[in-house]
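Report on the following structure.
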Amino acid sequence: MVVTLIIACEVGFWVLLAVGLALRYLARMPKTGAAVLLLEPLLELVLLIVTAIDLKNGAAADWKHGLAALYIGFTVAYGHHTIKWVDRYVAHRFAGGPPPVKRYGRERFRYEVTLWLRTVLMAAVAAGLLQGAIWYVGGDGDVSSLRSSQAAGLRLVVIHGVITLTYLIWPKQRPKDRAAPDETPARRAAKILR
């Protein structure tokens with residue numbers, strides 16, 4: 001039941017996001033769209049409550065509860081960021097908003113560090129929820145799968161950290177055919193003539 005609810009919450013997240021943005025930009029109802037987007041956290045609250053009830057009713061703590069905690073941690077850390085990112089994209093595509101920002105070099109590395117910090121937050125929230133479940137189950141039950149899920153969160157932090165470091169070691173370069181945003185055609189011509 002918990003896995004089905006996780007899938008339903010993920011589908012619900014994207015449905016609410018699509019409906020909220022459609023109301024905001026296509027139907028020109030920004031307040032209604034914002035209200036729909038504010039319903040997103042309720043999905044995670046429902047998942048948290050159902051997971052706790054499942055454990056309270058005597059379900060053996062297993063990987064499903066660990067996955068629920070990781071999903072809630074991901075939503076806490078990345079949910080608002082994802083909504084803002086999709087909102088900017090839809091605003092650009094359908095409402096004449098500015099194009100998405102492309103980052104290169106050190107700026108890209110700093111951006112990747114902020115994403116990595118979100119992953120750290122995700123793992124910390126999940127580890128806290130899992131530790132609460134471990135204490136709830138107590139010494140009588142098998143909590144090895146919950147501890148394994150805590151370790152999985154830590155592995156995600158390490159892997160994402162290594163990927164982030166690659167942006168420092170091999171910074172993403174601006175394509176040669178694109179000028180820097182502050183570079184005018186006159187400045188480009190002057191560089192060529194030097």
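The values are calculated or read from the model by the stated rules, or taken from the named source; none is laboratory data. On a predicted model such as this, the values are computed, not experimentally measured, just so you know. Using ideal geometry, Cβ is built from the backbone for each residue, glycine included, and neighbour counts are taken over all protein chains shown. Calculation scope for accessible area: heavy atoms of the full protein, side chains included, ligands and nucleic acids excluded. Shrake-Rupley method; radii C 1.70, N 1.55, O 1.52, S 1.80 Å.
Among residues of the stretch 12-31 being of a type in the set (Gly, Ala, Ser) and part of a helix (DSSP H, G or I), the one that is nearest to Gly96 (Cα to Cα) is Ala22. Val113 fulfils the conditions (1) touching a Ser or Thr at 6+ places or on another chain (Cβ under 9 Å); (2) not in a helix (DSSP H, G or I) except for a single criterion, (2).
Checked against (1) assigned to a loop (DSSP other than H, G, I, E, B); (2) open to solvent by 30 Å² or more (accessible area, probe 1.4 Å), Ala34 passes all but a single condition, namely (1). I'd like to check something: does the stretch 76-86 contain any residue that is outside any helix (DSSP H, G or I), at pLDDT below 95 and open to solvent by 60 Å² or more (accessible area, probe 1.4 Å)? No: the stretch 76-86 contains no residue that is outside any helix (DSSP H, G or I), at pLDDT below 95 and open to solvent by 60 Å² or more (accessible area, probe 1.4 Å). State the number of residues belonging to the stretch 37-64 that are among the small types (Gly, Ala, Ser) and surrounded by fewer than 14 Cβ atoms within 10 Å (Cβ to Cβ). Counting residues in the stretch 37-64 that are among the small types (Gly, Ala, Ser) and surrounded by fewer than 14 Cβ atoms within 10 Å (Cβ to Cβ) gives 2. Summed over the stretch 56-88, residues that are over 19 Å from the mean Cα position of the chain (by Cα) and within 18 Å of Val15 (Cβ to Cβ) total 0.
Could you look through the stretch 87-106, keep only residues that are assigned to a helix (DSSP H, G or I) and over 22 Å from Val36 (Cβ atoms), and pick out the one that is most open to solvent (accessible area, probe 1.4 Å)? Here the residue is Arg106. Answer yes if at least one residue in the stretch 107-120 is open to solvent by 30 Å² or more (accessible area, probe 1.4 Å), out of contact with any Phe, Trp or Tyr (no Cβ under 9 Å at 6 or more places or on another chain) and in contact (Cβ under 8 Å) with a residue 24 or more places away in the chain, and no otherwise. Yes, some residue in the stretch 107-120 is open to solvent by 30 Å² or more (accessible area, probe 1.4 Å), out of contact with any Phe, Trp or Tyr (no Cβ under 9 Å at 6 or more places or on another chain) and in contact (Cβ under 8 Å) with a residue 24 or more places away in the chain. Determine whether Arg155 is in a helix (DSSP H, G or I) and at pLDDT 95 or above. For Arg155, the condition - in a helix (DSSP H, G or I) and at pLDDT 95 or above - is met.
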